[in-house]
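Student: Below is one structure. I have some questions about it.
The values are calculated or read from the model by the stated rules, or taken from the named source; none is laboratory data. Quantities reported herein were computed from a predicted structural model and do not represent experimental measurements. Cβ sites come from the backbone with ideal geometry, for glycine too, and all protein chains shown count toward neighbours.
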Amino acid sequence: MIDFDDQSPTWSVRRFDDALAIRKGNLDPASTPDEKFELFSIPAFDAAGQPEVKFGREIGSSKVVVRPGDCLFSKLNPRIPRTWVVPTANGLRQIASTEFWPLHSRFQSDEESYLAPEFLQWLFRYAGFLDEFRGEVAGGGQSRQRLQQDAIRDVEVPIPPLPEQRRLVARVEALTGRAGELLGLNASLVEDASRLLAAWYARITADSPTRRFGAVVKLTRRHVVTGPDEIYPELGIRSFGKGTFHKPALTDQQLGNKRVFRINPGDLVFMNVFAWEGAIAVAKPEDEGRVGSHRFMAHEVDAAQATAEFLCYHFLTDHGLEQIRAASPGSAGRNRTLGITKLHAIPVPVPPVEAQRRFSKLYALREKLRRLQIETEAELAAFTPALLAKAFRGEL
């Protein structure tokens, strides 16, 4: 149990049921099928964090009526906090999924006990506060578990003085806003680099000759002789052109009879059962020492004719994926395996190698920006919980 009194001496504490009220009152949108509503729903939150505008006939089931200033808190799988502050109405009636509790302070005119909706929104995102709800859910699988109202009546809710609530909200929003701007800037740089890559690819392939893929690469099988007391770090390839990733290392005993092959940085690698959905990548420097099964078709590229990055990019274009799919007979999944002979017979564009090398430099820049974006997202994912922990310890 969090002791908010000890952490923040100026804050008061009340039971959840004493501090907050859940707005009641449902509405059936289908009763006014031609009326437009502003709908707050779980799918809308997860998709864009914005309510949807829908006609009553498009909504169907009964919804709860909400008002501007309500703090919506999802009782569905509360370990994934979904909170919304209902904004000022735009002329439409506002309703929400019954998976949300529309919460408001019981003390609208008492500054000493009032809980601002913006403060509540951040409180409900604070992992330390959500920990109070652990074990207080009911339902089947974790994704369908729901928080029960009776179980949270006695959960303690911190109530800082109203000026302190406003200060904390402003501070948290300023810091998270800057972090979000950084992430958005990085995303725009990745988009710009991707557009440049597409333009450069179109330019250098416009009148380029083609050759069989097998004429510019060599399939390389570097068999690894396994032994006891050794470990073998595996390489994975994500679908949809999302590059390589590192799997946990396996012991000789875990490998059993499975044969593995070393993959070197710079190899152009196809994961043969999922190449048809873009499991194609160039092994990165940090992939040094990784291994893959026979399903990982590693190719050394003839540097006098092509670059691995250019060929990888080609196979991830719409046309390139069509070629891969045509060389991958079967229906789907593990029944759709890329054939080596068919792969090597695919005609690929071969522009002047110097043009390809310049392309590869831009490709490397784009990949560096992508990695930076992933690292930044991970840092931000850790930043917000740490920031909220400081805020609710009274240290911000």
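Student: On the basis of being within 24 Å of the chain's Cα centre (by Cα) and on the phi < 0 side of the Ramachandran plot, does Ala304 make the cut?
Tutor: no
Student: Follow-up question, since we're still on this one. Mind listing whichever residues of segment 239-264 are within 23 Å of Cys312 (Cα to Cα) and either exposed (fewer than 15 other Cβ atoms within 10 Å of the Cβ) or among the hydroxyl-bearing types (Ser, Thr, Tyr) (or both)?
Tutor: Ser239, Phe240, Lys242, Thr244, Phe245, His246, Lys247
Student: Please work out if Asn257 is at pLDDT 95 or above and part of a loop (DSSP other than H, G, I, E, B).
Tutor: For Asn257, the condition - at pLDDT 95 or above and part of a loop (DSSP other than H, G, I, E, B) - is not met.
Student: Which count do you get for residues in segment 62-114 that are more than 17 Å from Asn26 (Cα to Cα), exposed (fewer than 15 other Cβ atoms within 10 Å of the Cβ) and of a type in the set (Gly, Ala, Ser)?
Tutor: Residues meeting the conditions: 3.
Student: Also, quick follow-up: Can you spot a residue in segment 123-136 that is buried (at least 17 other Cβ atoms within 10 Å of the Cβ), at pLDDT 90 or above and under 30 Å from Thr32 (Cβ atoms)?
Tutor: No: segment 123-136 contains no residue that is buried (at least 17 other Cβ atoms within 10 Å of the Cβ), at pLDDT 90 or above and under 30 Å from Thr32 (Cβ atoms).
Student: Turning to a different aspect of this structure: Select, from Gly227, Gly241, Gly214, Gly236, the only residue that is more than 30 Å from Thr10 (Cβ to Cβ), at pLDDT below 90 and in the same structural domain as Tyr313 (by TED's automatic domain parsing).
Tutor: Details: Gly241 fails: at pLDDT below 90; Gly214 fails: at pLDDT below 90; Gly236 fails: at pLDDT below 90.
Result of the check over Gly227, Gly241, Gly214, Gly236: Gly227.
Student: Of the conditions (1) in a helix (DSSP H, G or I); (2) farther than 30 Å from Gly128 by Cβ, Arg166 fails just one. Which one is it?
Tutor: (2)
Student: Using the structure shown, decide if Arg393 is within 30 Å of Trp122 (Cα to Cα) and of a type in the set (D, E, K, R).
Tutor: Values: within 30 Å of Trp122 (Cα to Cα): yes; of a type in the set (D, E, K, R): yes.
Judged against the criteria, Arg393 is a match.
Student: For segment 356-390: of the residues being over 30 Å from Trp122 (Cα atoms) and touching a Phe, Trp or Tyr at 6+ places or on another chain (Cβ under 8 Å), which is surrounded by the fewest Cβ atoms within 10 Å (Cβ to Cβ)?
Tutor: The extreme case among them is Arg358.
Student: Can you name every one of the helices (runs of 4 or more DSSP H) wholly within segment 1-104 that holds 3 or more residues which are farther than 22 Å from Ile159 by Cβ and under 25 Å from the mean Cα position of the chain (by Cα)?
Tutor: Hits in segment 1-104: 42-48.
Student: Only one of His294, His344 is farther than 29 Å from Leu185 by Cα and assigned to a helix (DSSP H, G or I); which?
Tutor: Selected residue: His344, the only one of His294, His344 that is farther than 29 Å from Leu185 by Cα and assigned to a helix (DSSP H, G or I).
Student: Something else now. Is there a residue being under 19 Å from Ile237 (Cα atoms) and touching a residue at least 60 places away in the same chain (Cβ under 8 Å) anywhere in segment 348-365?
Tutor: yes
Student: With Leu20, Leu92 as the choices, which residue is touching a residue at least 12 places away in the same chain (Cβ under 8 Å) and more than 28 Å from Gln165 (Cα to Cα)? I'd like the intermediate steps shown before the answer.
Tutor: On the way: Leu20 fails: more than 28 Å from Gln165 (Cα to Cα).
Exactly one residue qualifies, and that residue is Leu92.
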